[in-house]
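Structure record follows, encoded as structure tokens.
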Amino acid sequence: TGRVSDRSALTIGLLATAVGLGAPALLANLAGLLVAAVLIGLGTAVVTPVAFAALAASSTPERLGQTMGTAEIGRELGDAGGPLVIGALGAGVGLASGFAGLGVLVVLAGAVAGAARIGTHHP
């Protein structure tokens, strides 16, 4: 409905996800995992529909299927890549560090995506 800008919603969602990924590093017990599950779920619930809607709105009609298909592949890669990153870092330096490492990657990805939009005009 346009009550919140795409940028604000994506920032809030990515921050919730990053904080959720950092929770097990700070609370290395069941509570940390529960907080992580809630915040990561909240972040995903905000980011996914807003990002897909923004992509659909900015795509030309003749490229809509290709754009959305590519976005879905990216989402699937993230679904598979996140656990792999946590597992690889967890095996090397501990599970809490794996979650924290993925949290840092989420923040960096958000910063890169935000910087890429600077200076562009989106009607």
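The numbers here are math on the coordinates, done by the rules we state, and not lab data. All values derive from a computational prediction rather than experimental measurement. For neighbour counting, all protein chains shown are included, and Cβ atoms are generated from backbone atoms with ideal geometry for every residue, glycine included.
Tabulated data
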quantity	calculated
Range of Cα positions in region 1-44 per principal axis (Å), largest first	39, 14, 10
For the chain, diffusion coefficient by Stokes-Einstein and Kirkwood Rh (Cα), 10 °C, 1.306 mPa s, µm²/s	102
Pair residue 33, residue 45: separation of 7 Å Cα→Cβ label points (nm)	2.1
Under the span-like rule (Cα at least 20 Å along the axis, Kyte-Doolittle mean at least 1.0), DSSP H helices of the chain	6-26, 30-58, 95-116
